[in-house]
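Worksheet: one structure, shown below.
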Amino acid sequence: MGDLLRAPCNRPAPTLSKHGAPLLPYHFRAGDPRMAGVTVLVLAFIKVRLVAFEFMELREAPLLMKLATDFGIITMLAILVALNLGLVAAFL
């Protein structure tokens, strides 16, 4: 029974994020559509991190690999959010 609960597919966080998270952008649909886009991006990258650490077994990886993965995820999220909000166009 213990092995069944340790399996990644039986943990509540990936399951809840997979099924419940897509409903969150509906809260922002009446306001600024860019904020709904940012919400979708943040939720997508939370899912990327969950998949990387839960299903690709990075939680047992060396610390440097975990930090590199988190740095890559956060960097890509920051770039895409900046592009979505139009912050990069101000500097061009």
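The values are calculated or read from the model by the stated rules, or taken from the named source; none is laboratory data. Just so we're clear, the structure is a prediction, and the values are computed from it rather than from any experiment. Ideal geometry is used to build each Cβ from the backbone, glycine not excepted, and the neighbour counts take in all protein chains shown.
Some points to look at:
- In segment 42-73, residue modelled with the lowest pLDDT [restricted to those that are β-branched (Val, Ile, Thr) and more than 20 Å from Asn84 (Cα to Cα)]: Val51
- Inter-residue pairs, beta-carbon under 7 Å, first under 18 Å from Ile74 (Cα atoms) and in segment 52-64, second surrounded by fewer than 16 Cβ atoms within 10 Å (Cβ to Cβ), 6+ apart: Phe53/Arg59; Glu54/Arg11; Leu58/Met65; Leu58/Lys66
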